[in-house]
1. Ranked highest first by the average count of other Cβ atoms within 10 Å around their residues, in what order do 131-141, 187-197 fall?
2. Between the stretch 127-196 and the stretch 60-97, what's the alpha-carbon centroid distance in Å?
3. For the chain, what number of Lys pairs, 8 or more residues apart or on separate chains, have alpha-carbon atoms under 23 Å from each other?
4. If you average the sequence gap of Cα pairs under 8 Å that are 6 or more apart and divide by the length of the chain, what percent do you get for the contact order?
5. Pop out the ³J(HN,Hα) list for the stretch 93-102 in order, Karplus 6.51 cos²θ - 1.76 cosθ + 1.60 with θ = phi - 60°, rounded to Hz; leave Gly and Pro as x.
6. So if we plug the beta-carbon distance of Asp13 and Phe46 into 1/(1 + (r/R0)^6) with R0 = 25 Å, what FRET efficiency do we get, rounded to 0.05?
7. Which whole-Hz couplings ³J(HN,Hα) result when phi for each residue of the stretch 9-22 is put into the Karplus expression 6.51 cos²θ - 1.76 cosθ + 1.60, θ = phi - 60°, listed in order with x for Gly and Pro?
8. Enumerate the calculated ³J(HN,Hα) couplings along the stretch 156-161 in order (Karplus 6.51 cos²θ - 1.76 cosθ + 1.60, θ = phi - 60°), each rounded to whole Hz, writing x wherever the residue is Gly or Pro.
Amino acid sequence: MAISLNTTVVKLDRSQFKAAIDVLAHSFYSDPVFRYFWSEQDPALFKTLQWFIKILLRYSQTYDHIYTTADLQGISMWIPPGKYPLNDLRLLQLGFYALPFKLSWRKTLQFLSAFNKIEKLHQSDVPQPHWYLFMLGVAPESQGKGIGGLLIEPILHQADLEKLPCYVETSTERGVRFYQKYGFETVHTVDFESAPPYWLMQRKPQQ
């Protein structure tokens with residue numbers, strides 16, 4: 001499979017944040033879970049995605065494990081060992097408090113209920129230190145070229161050296177198949193009332 005010559009994996013520079021937000025927003029624009037929760041505000045979906053992703057980027061930048069390719073074809077965000085569970089107060093301070101203004105109150109309550117359920121399962125599945133793949137997205141025009149694998153392999157290799165597990169969540173069967181190629185196994189398939197299913201996956205350290 002042909003891959004461009006500019007796929008060296010590097011850490012995302014602060015000056016690239018705006019471009020990274022756009023790449024991730026385009027990547028998740030068709031995501032079924034995002035579509036479900038923001039369906040009532042569909043005309044503003046892209047801007048809402050940008051808002052949401054900006055919060056996640058700002059949260060992750062403290063840990064200095066946001067990766068991209070030299071030509072910004074995709075982004076992976078990792079939460080390092082010992083930094084999970086997420087700090088809810090920090091998320092609120094970064095702008096998450098505005099969630100009810102981005103969704104209807106009904107969808108906000110559904111979203112928070114789903115979030116809490118996932119968090120509890122995550123903590124139960126891997127109570128020990130682990131690497132958490134917070135977000136992975138590849139520009140639509142670059143998907144299917146191996147970019148996603150390139151972006152996660154450095155941390156997977158580091159996790160194996162450290163003998164630590166990795167954890168990820170995905171909302172598509174395509175995502176499940178992708179992560180299975182890299183050693184992840186499904187530990188939960190979660191259904192949220194009428195929302196699309198959500199897969200929680202864990203990867204044990206490998207030789």
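1. 131-141, 187-197
2. Measuring centre to centre over Cα atoms gives 15 Å.
3. Step by step, the pairs that qualify in the chain add up to 25.
4. Here the relative contact order equals 23 percent.
5. Once rounded to whole Hz, the list reads 5, 7, x, 5, 4, 7, 3, x, 7, 9.
6. Working: r = 24 Å, r/R0 = 0.94.
Calculated value: 0.60.
7. 3J(HN,Hα) across the stretch 9-22, in whole Hz: 7, 9, 6, 5, 7, 3, 5, 9, 4, 4, 5, 5, 4, 5.
8. Whole-Hz 3J(HN,Hα) from phi for the stretch 156-161: 4, 5, 5, 4, 5, 5.
The values are calculated or read from the model by the stated rules, or taken from the named source; none is laboratory data. These numbers come from a predicted model, not from an experiment. Ideal geometry is used to build each Cβ from the backbone, glycine not excepted, and the neighbour counts take in all protein chains shown. Note: areas computed on protein heavy atoms with side chains; ligands, DNA, RNA excluded. Shrake-Rupley method; radii C 1.70, N 1.55, O 1.52, S 1.80 Å.
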